[in-house]
Every structure is written in structure tokens, then in C-alpha cells.
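Please read the structure below before turning to the comments.
No value in this document is a laboratory result; all are computed from the given coordinates. These numbers were taken from a predicted model, which means no experiment stands behind them. Don't worry about glycine lacking a Cβ; one is built from the backbone with ideal geometry, like all the others, and counts go over all protein chains shown.
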Amino acid sequence: MSKVQRIFLGLGFIGYLLFLVFYMFFQLRGSAGVSMTLVEYIQSHSNLVPFKTIENYITALEKGTMDTWTAVKNLLGNVLVFIPMGIFLPSLFRKLRRLSPFLLAFVLIILSAEVMQLLTQRGSFDIDDFILNVLGAWLGFKLWKTTLVQKWIGRGSHE
């Protein structure tokens, strides 16, 4: 990858990170303006039961109590928004070009962001979001491994 390509990729990554920070921390949330202690906030904004939220979305869709766009936006959005991470991280950081180190790094990044959302009371921690985020990053990593993406980022052959 040429120096110019690396600079553009780095600038793209910075822009993507700024988007994620806004997306995760500065969107209007449903409980804005409600005063509660940190412990109360964590208790009311955490889900540690895998697939509970996903099941709730599916059930609401089946019963017609939620519009399709809301469910798709929340479920598919949590996957799609992290696909670029699966391309940027291994492109920019040589040590993250194998699946295990990549997944470990991404899990630490997303867990840190989820915990920060709770501590700053700017979002929630939902294990289903975490699962969908990891799925998105993994899909991005698999996409990064393709010959097409390798040619596009100028690496020629992928490792």
C-alpha cells in the first residue's frame, strides 16, 4: 500500500471513528432528562441475557406492535455499522490481519465502548447489540480477506 493510500485509509478510519462516537454517544436517547443514580441507570439500561432483545424485536414484529423499519434498523444496523471496522483494523494494523487477534482487539474495543456508554449514561449495554456488532466486524474482516478488497486497498495479495 502506498503512503498516499495509507493516509487516505487513515483519514477514512478517523472519520468512521468520529461517526461511531456520535452514533454511540450523542444521539438523542429515550431517557434524556431523567435523573437517576449510576447504579439505577446501569440496572435499567443493561441486558445480559443473550438473544432477549432480538427475540423481543421478532415477537413485536409478529404481533404487529412494531413497524418493520424500527426492527430492521436496530438489528441490521448493529451489524452493518461495524462492517467497516473489519476492513479498517486489519488494513491499518498488521498484527490484526489474523482472525483471532482481530476478534480479541474488536471485542475489547466494543466492550470498552459499551461500558463507557453506561458510565457516561449515554446509552445502554445490551449483549445482543454486542453479538450483532461482533458479527458485523467479523463480516467486515471476511470481506477484507477477499481479493477484490485487497486489490482496492492496494495490497495486491492478502495474508
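Nearest 10 degrees is fine. How inclined is helix 68-80 to the longest principal axis of the chain, computing both from alpha carbons?
That works out to roughly 40 degrees.
Which of Val81, Val72, Val107 ends up with the largest GNM mean-square fluctuation for the chain, with Cα atoms connected below 10 Å?
Sorting by GNM fluctuation, first place goes to Val72.
Tell me the Kirkwood radius of segment 3-152: reciprocal of the mean inverse pair distance over distinct alpha-carbon atoms, in Å.
By the Kirkwood definition, the hydrodynamic radius is 16.8 Å.
By counting other Cβ atoms within 10 Å of each Cβ, how are Thr65, Thr146 ranked from fewest to most?
Thr65, Thr146
For the Cα atoms of the chain, what angle does the longest principal axis make with the long axis of helix 52-63, in degrees from 0 to 90, nearest 10?
Computed tilt is about 70 degrees.
Which of the aspartates and glutamates could a cross-linker span from Lys145 if the Cα-Cα distance has to be under 14 Å and same-chain partners fewer than 8 positions apart are dropped?
Leaving aside aspartates and glutamates fewer than 8 places away in the same chain, those within reach of Lys145 are Glu159.
Limiting things to C-alpha atoms, what are the Rg and the maximum Cα-Cα separation (Dmax) for segment 64-146, in angstroms?
Spelled out, the Cα radius of gyration and Dmax of segment 64-146 are 14.0, 47 Å.
Is any residue of segment 87-126 close enough, with backbone N under 19 Å, to a label point placed 7 angstrom from the Cα of Gln43 along the Cα-Cβ axis, and if so, which?
Under cut-off, by backbone N: 118-126.
For the chain, with a Gaussian network of springs between Cα atoms less than 10 Å apart, report the residue from Phe82, Phe106, Phe51 with the top mean-square fluctuation.
Highest fluctuation among the options: Phe51.
Run the reach check for Lys151 against lysines, Cα to Cα strictly under 16 Å, same-chain hits fewer than 8 apart removed. What comes back?
Output for Lys151: Lys3, Lys142.
Under 5 Å between amide hydrogens, which residues at least 5 positions from Asn47 or on another chain qualify, with H placed 1.01 Å from N in the peptide plane?
Distant-sequence amide H within range of Asn47: Phe125, Asp126, Ile127.
Okay, helix-only estimate at 222 nm for the chain: each DSSP H run of n ≥ 4 adds -39500 (n - 2.57), divide by all residues, round to 500 deg cm²/dmol; what do you get?
Value at 222 nm, helices only, nearest 500: -21000 deg cm²/dmol.
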